[in-house]
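A quick write-up on the structure given underneath.
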Amino acid sequence: MTTTAPPGAADGEGITMNGLRLVRLHAAVFGRFAGLGSAVTLAAAAALVLLSQWIPWMAANALTTVASAVVATELHARVSFGHGRPGLAGHLKSAATIAAGWLVTSAAVGALTVLRPGAGLVLQQTVYLSATALVGIGRYLVLRLAVFAEGAPQRRTGGEVRSRADYNAAA
């Protein structure tokens with residue numbers, strides 16, 4: 001990627017400044033994503049604890065996953081990625097990442113149940129939240145790069161095609 005230095009900058013300074021902007025941009029997006037995702041996940045974990053008192057854990061996990069999926073998709077599309085309303089396609093693609101996450105969290109807690117049948121609530125939630133954190137990182141990458149990326153290529157004056165991500169990177 002070729003960048004130009006801002007007026008008055010020495011050679012090479014523009015690349016450093018653009019790199020810093022890129023890091024700040026992605027750090028801000030990831031920070032919003034992690035903050036919102038953590039809040040939704042903690043609320044879902046609390047709901048999971050309550051629901052699992054009345055229904056089987058797997059069913060409680062499915063219900064909290066579905067409810068939190070809708071909320072998280074709206075928040076991430078609008079706030080984290082500044083994409084606007086996600087629409088049905090965005091919700092479905094996001095739901096696919098959530099379904100994969102549900103499988104991972106269910107497998108983690110299921111494995112805990114097999115390995116430590118008498119595991120208490122604290123250990124169960126620790127395993128659940130740890131698995132959820134790993135799923136969250138993967139989910140961020142998929143949502144940022146594929147689901148809520150501005151994928152429509154835009155033409156430059158020189159005739160080459162660049163995606164919005166390339167423009168963000170050059171900023």
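Side notes on the structure shown:
- The heavy atoms of VAL104 present about 70 square angstrom of accessible area, all protein chains included, probe 1.4 Å.
- Cα-projected label distance for LEU145 with MET58, points at 7 Å along beta-carbon direction, nm: 3.2
- Accessible surface ranking for VAL122, VAL79, 1.4 angstrom probe, highest first: VAL122, VAL79.
The values are calculated or read from the model by the stated rules, or taken from the named source; none is laboratory data. A quick note: this is a predicted structure, and the numbers were derived from the prediction, not measured. Glycine also receives a Cβ, built like all others from the backbone with ideal geometry; neighbour counts cover every protein chain displayed. Ligands, DNA and RNA are stripped out before the accessible areas are found, and what is left, the full protein with its side chains, is counted by its heavy atoms. Shrake-Rupley method; radii C 1.70, N 1.55, O 1.52, S 1.80 Å.
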